[in-house]
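Report on the structure given below.
The values are calculated or read from the model by the stated rules, or taken from the named source; none is laboratory data. All values reported here derive from a predicted model rather than from experimental measurement. Cβ atoms come from the backbone with ideal geometry, glycine included; neighbour counts cover every protein chain shown. When the accessible area is computed, the model is the full protein with side chains, heavy atoms only, and any ligands, DNA or RNA have been set aside. Shrake-Rupley method; radii C 1.70, N 1.55, O 1.52, S 1.80 Å.
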Amino acid sequence: MINMKRRTFLKGSVAAGAVSAAVGAGLLTPRMVLAAWPTAAFEAGSVDSALDALAGAHQLEGSDKISIRAPDIAENGAVVPVSVTTTIAGAESISILAEKNAAPLTASFNLGPNTEGYVSTRIKMGKTSSVIAVVKAGGKLYSTGKEVKVTIGGCGG
Amino acid sequence: MASIKIRAKASDGVTTIKALIKHPMETGQRKDKKSGKLIPAHYIQEVTCEHNGTAVMTALWGPAVSKNPYLSFKFKGANAGDTVKLSWVDNKGESDSTETKVS
């Protein structure tokens, strides 16, 4: 599973340069859901169960239309800058998961109809792990992963 | 509580929002070094950004977002002078919001 994602990422990183300038937001349909905070998703202990609670499914389809920008080596796991760009048309949400965190789901961004497929934030990572970006579009989940090495963990004391 | 620093810049019809929020983002897993007790969790759960009253982005955050969080995203359809409002709510029910004009 993880190896598959890595391979997808490698493919994706080649294509990403060309597509990142393209814009998919114009094709979005209006929708506005202000969901209550999904406690179960944020407390879930694995990527699959977090996605089940958040999106109702965990079947991920690798996509080269998502690119993650994160450091290869993060010296300080408490502050790992992560940017996700997607050119998938109709992207409804972008979620960022750190696979080996105690609770993998770190953040989920619900995008409005005119919002572009781009978010940037900083996350905490407990240890070296794969950072997974999951994009929801048209009822399906697309994902890409990137391995980030952490030298000092950012969770716990 | 001016806890939010926000900038909204429009260029070629795309507005880029960059925001910094001052917040401890305590996970609830850290221990106080002196007392050895767990520091209770205190983190932002929801960040909403509105453009002229319409939500353009709603972020759901867990405790694994870094302390003093940074957030950036882009949206279309705003003109210079439009109002962008950013607000957050944390797990203790505290909240803050700020408004800025697109430049």
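Below are the figures for this structure:
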quantity: Segments classed as strands (runs of 3 or more DSSP E), wholly inside region B:41-103, with at least 2 members that are of a type in the set (A, V, I, L, M, F, W, C) and buried (at least 17 other Cβ atoms within 10 Å of the Cβ); calculated: B:44-51, B:54-61, B:70-76, B:83-90
quantity: Extreme residue, farthest from the other protein chains (Cβ to nearest Cβ), among residues of region B:44-70 that are in contact with a Ser or Thr (Cβ under 7 Å, 6 or more places away or on another chain) and more than 28 Å from residue B:81 (Cα to Cα); calculated: B:63
quantity: Matching residues in region A:102-145 - criterion: being assigned to a loop (DSSP other than H, G, I, E, B) and more than 7 Å from chain B (Cβ to nearest Cβ); calculated: A:102, A:104, A:113, A:125, A:126, A:127, A:128, A:138, A:139
quantity: Hits in region A:102-121 (condition: over 15 Å from residue A:133 (Cβ atoms), open to solvent by less than 10 Å² (accessible area, probe 1.4 Å) and of a type in the set (S, T, N, Q)); calculated: A:115
quantity: All positions within region A:72-101 that are within 17 Å of residue A:146 (Cα to Cα), more than 10 Å from every other protein chain (Cβ to nearest Cβ), open to solvent by less than 40 Å² (accessible area, probe 1.4 Å) and modelled with pLDDT under 90; calculated: A:74
quantity: Any chance residue B:36 is part of a loop (DSSP other than H, G, I, E, B) and out of contact with any strand residue (DSSP E or B) (no Cβ under 8 Å at 6 or more places or on another chain); calculated: yes
quantity: Residues of region A:118-143 satisfying the condition of being farther than 12 Å from residue B:64 by Cβ and of a type in the set (A, V, I, L, M, F, W, C); calculated: A:119, A:132, A:133, A:134, A:135, A:137, A:141
quantity: Candidates A:45, A:126, filtered to the one that is within 23 Å of residue B:40 (Cα to Cα), touching a Lys or Arg at 6+ places or on another chain (Cβ under 8 Å) and open to solvent by 10 Å² or more (accessible area, probe 1.4 Å); calculated: A:126
